[in-house]
Amino acid sequence: MTVDFEIDENLAFVRDYVRAFARDTLRPLAREADEKGKLPTETIKQLGTFAGNRASIMPEENKGNGEKRSSIAAMMAVIGSEELAWGDPAVVLNIPGPGLAAPSIRAAGTPEQQKRFLDDIFNVDSGEPRFGALAVTEPQAGSDVSNVQTTAVQDGDEWVLNGTKMYCTNGARAEIVVVNATVDKSLGRQGQKFFVIEKGAPGFKVGKIEKKMGLTASETAELILDDCRIPFDNILGGAEALEPKGSGFKGTMKAFDSSRPSVAAMALGIGRAAFEYARDWVSSELPMNTSFPRKAAIEQKLGRMKRELDAARGLVWQAAWMADNKIPNSKEASMAKAYAPPAGLRACIGAIQIMGPEGYSKEHLVEKWFRDIKVYDIFEGTGQIQRVVISRKILGRLD
Amino acid sequence: MPFDLQLTEEQEALKATLHEFSEDVLRPAARPCEEAKETSPDIHRQVHELGVTAPVPEEFGGGGTFDCVTYCVAAEELAFGDPGIAYQVLGSGIAAIVLGLAGDDDHKARLLPRFAEPEPVPSFVAYGEKVALGDLESLETAIDADKVRGEKYGVLNASDASLGIVVGRTPDGLGAIVFEGNDGYDVAKPENKMGLEAAPTYAVRFDDAGEALPAGPQLEQAILWTKLMTGAIAVGCARASFEHAAKYATEREAFGKPIGAFQAISHRIADMAIEIDAARLSVWRAAWKIDRGEATHADVAQANGQALQAASYCGDEGVQVLGGHGYIRDHPVEKWFRDAVTLSVFDPPELGGDTFVARSVFA
């Protein structure tokens, strides 16, 4: 119960373990994966074997339903996330597991649903890589999730879903995709419920796979629900979810409060990768005849990069520490998510500039990290949305 | 011990006490002291009596000492009341911390009891130099045995100090010379500053012999502590601007609603909050390292850089959120902005701090 910035030995062990995996396994795959836009199936299988083909190679953050949450789960998640993203942020997203389907199912699913959609699919040794996905965004609804147009209509013992989802990570190859859809438009966001679509459901189609600025090795899919039929039981929370006080949209989305520090930690990891790369380049490759003013500017830039990345880590750890200590952290989680991606982006741009023509060259990874990191200020709540959350916590609702 | 950001009960209690003191005593005193260009003796005495600005161990008649994290919590709270008064009072007392940490038995027995008296001791620790980068290695002031020679700026109390400590470089590294009374140095000129006016400072020329403090890691950590004082004050200064602007944003209306309803305002408020937390965490981290005897100059430079950036940013945005009202002296935000920019001269990240942070990563 006193201010202490040292992580305990459990966390240090996880950090060192994940760091070695990131360095030895993820980083060597980075360039080829970026160029090809995907990883070889065999590699994905190996990653799956390493990770035990389950949620992630880190302990699950929230077991939900009475299972006791570890008091360092959030710290472990952010420390692991930073290291993994340092290895390669796109390759990480190819590690098989339920991905973002897990927190929503853990938060809103019945015990039977948790078993059926998570344990039975992901916590078994199938020998095959298996993915889960979450699809919320639609062409006309990004930050404004209340504008989601996908509908779900009950038809006997089935739901019929219609709509288009986009930007869904691993959506095309997922065993299960969690989607939100409106059952009652008049209720606004509270009329939205979450549903689990299983691979092969009738009327479930994969649209285009996006070509992105970065994170190219991560599959980003458009999903089309064209009279897509799923069992009635696939509504998260079961029939009770339809009651007025049933598991609503807001409650389920709360599960993602815990993911904001981890996303921020990933951006921090990417930024740190760029900083360290530039630092090492400067110590071994900086031309001898570099002018004094340029050398001085390089030093200043490197120092600022380190200062800001360490400050970002402070914010990330603060948010995680609060979560672990059951202190409400919505504001602080958003602060970490608002600060770390731009700080990491500045580090990437700084690294490119310091290295000059080698910085923008594809011979080095810094140009890739720059392309990769930009989206961290956009997905999982844009920087602007984080500032809306933060300012509402400070000022209250004024509009 | 695991990562932890929980203050102890004692620290929480101290913070609450100082917060109340800041609101009740320092806020009303801020403008008068600024206009008088000094912290009034009465105010100085009242802060001194709180026992946080010049801690003296009990064996030397004081109320006891505390760690650097506690000091930074206290300094932030006092600076939240007024950065100028905080700078004067904290800066006048910090020689006690240096003596307590780095003095030999004789120094402690002879000099520390003075700080335990109800009357504050006019004293200083002189560090800043115009031409240096700000790190220990680039100090120009030279110390040879008990002799010191060099020029410092931003020196508090120089016109009537009864005790002063000068930091400089010895052939082996960091050194510090203690002067008693105000012989041994010349006040080159009083500095007529645009901010922190409640803390009158002087440019001082040193060229004489005093008493050397024992060199070594203790001295280094003590000097880093004195430097970190700037960062801790900067966090309080930033928070003052932020809280004032946030409150104003909920009250002032434009186009039919509180201006905080407009994102051009509310997002600035959010950014101010982010900068402040990032700064405070950096300062606490450096303080925690000082308490473990492990701090480097880069740790403190990083913390000060983050904190001074926060103070300047919040100072600027604080005025901007209030618009014309921010620019006139009816509101305090213009003062905090001037204070912040003045503070930033003591350890500017762009003109040194970031550079030796970078140098430290190649070590």
Mean Cβ count within 10 Å, highest first, over the residues of peptides A:357-369, A:376-388, A:37-49, B:224-236: B:224-236, A:376-388, A:357-369, A:37-49
Contact surface B-A: accessible area buried, both sides summed, square angstrom, 1.4 angstrom probe: 4300 Å²
Protein-only accessible surface order, largest first, of A:88, B:67 at 1.4 Å: B:67, A:88
The stretch B:218-362, dipole about Cα centre (Lys/Arg Cβ +1, Asp/Glu Cβ -1), debye to the nearest 20: 140 debye
Shielding by other protein chains, A:382-392, mean Cβ within 10 Å: 4
Residue-span extension gain [residue B:191 to residue B:140] - 0.36 nm each, minus C-alpha spacing: 16.3 nm
For residue A:317, solvent-accessible area (1.4 Å; no DNA, RNA or ligand), Å²: 40 Å²
Alpha-carbon Rg/Rh ratio, for chain A, with Rh computed the Kirkwood way: 0.98
DSSP bridge orientation in the stretch B:113-188 - percent antiparallel, rounded to nearest 5: 70 percent
Per-bin percent of Cα-Cα distances, the protein assembly as shown [10 Å]: 3, 13, 22, 22, 18, 12, 7, 3, 1, 0
Within chain A, helix-based [θ] at 222 nm, where runs of 4 or more DSSP H residues each add -39,500 (n - 2.57), nearest 500: -14000 deg cm²/dmol
Loop-located GluC sites (Glu not before Pro) in the stretch B:259-363 whose Cβ has at most 15 other Cβ within 10 Å (DSSP): B:294
Residue-level accessible surface for residue A:326, protein heavy atoms, 1.4 Å, Å²: 150 Å²
Fraction of beta bridges assigned by DSSP in chain A that are antiparallel (%, nearest 5): 80 percent
Shape call, the stretch A:78-130: gyration tensor on alpha carbons, a/c limit 1.5: oblate
Mean separation of Cα contacts under 8 Å, 6 or more apart, over the residue count of chain B: relative contact order %: 17 percent
Extension reserve of the residue A:6-residue A:296 stretch, reckoned as 0.36 nm per residue once the Cα distance is removed: 101.2 nm
Between the stretch A:77-116 and the stretch B:1-76, the Cα center-to-center distance that results, in Å: 46 Å
Around residue A:303: net Lys/Arg minus Asp/Glu count, Cβ-Cβ under 10 Å: +1
On Cα atoms only, tilt of A:383-395 relative to the major axis of chain A in degrees: 80 degrees
Surrounding net charge for residue A:34, when Lys and Arg each add one and Asp and Glu each subtract one, Cβ distance under 11 Å: +2
Whole-angstrom gap from the stretch A:235-295 to the stretch A:362-383, using each part's C-alpha centre: 10 Å
Rounded, prolate or oblate (a/c below 1.5 giving rounded, otherwise prolate when a/b exceeds b/c) for the stretch B:218-362 by Cα gyration tensor: prolate
Accessible area, probe 1.4 Å, largest first, for residues A:399, A:34, B:316: A:399, B:316, A:34
Residue A:1 - accessible surface, heavy atoms, 1.4 Å probe, Å² rounded to 10: 150 Å²
The stretch B:97-166 versus the stretch B:296-363: alpha-carbon centroid distance in Å: 24 Å
Under 14 Å, Cβ to Cβ, from residue A:191 - net charge with Lys/Arg +1 and Asp/Glu -1: +3
Candidates B:19, B:267, B:44, ranked by Gaussian network fluctuation over chain B, Cα under 10 Å, top entry: B:267
Proximal aspartates and glutamates to residue A:208, defined as alpha-carbon separation beneath 17 angstrom and excluding residues fewer than eight positions away on the same chain: A:138, A:219, A:222, A:226
Number of partner chain Cβ atoms within 10 Å, mean per residue of B:279-290: 4
Size descriptor, Kirkwood hydrodynamic radius, that averages inverse alpha-carbon separations across the stretch A:151-225, Å: 13.3 Å
Considering only the protein assembly as shown, percent of DSSP beta bridges that pair antiparallel, nearest 5: 85 percent
In degrees, nearest ten, helix A:73-87 long axis to first principal axis of chain A (Cα): 60 degrees
Violating pairs (Cα-Cα greater than 24 angstrom) within the set A:38/A:368; A:38/A:193; A:211/A:301: A:38/A:193; A:211/A:301
Residue-averaged beta-carbon neighbours from other chains (10 angstrom radius) around A:314-325: 3
Residue of B:184, B:103, B:134 that the Gaussian network model of chain B assigns the largest fluctuation, springs spanning Cα pairs under 10 Å: B:184
Proximal lysines relative to residue B:147, as straight alpha-carbon distance under 27 Å, when same-chain residues fewer than 8 apart are discounted: B:108, B:130, B:189, B:227
Extension gain from residue A:128 to residue A:35, taking 0.36 nm per residue of separation minus the Cα-Cα distance: 31.0 nm
Where B:252, A:173 fall by accessible area, highest first, once all protein chains stay in place (1.4 Å): B:252, A:173
Global geometry of the stretch B:123-215, whether rounded, prolate or oblate, following the gyration tensor of its Cα atoms and the 1.5 cut on a/c: oblate
Heavy-atom accessible surface of the protein assembly as shown: percent carbon and sulfur, 1.4 Å: 52 percent
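The values are calculated or read from the model by the stated rules, or taken from the named source; none is laboratory data. Note that the coordinates shown come from a computational prediction; the quantities given were computed from them, not determined experimentally. Using ideal geometry, Cβ is built from the backbone for each residue, glycine included, and neighbour counts are taken over all protein chains shown. All accessible areas refer to the heavy atoms of the entire protein, side chains included, with ligands and DNA or RNA removed. Shrake-Rupley method; radii C 1.70, N 1.55, O 1.52, S 1.80 Å.
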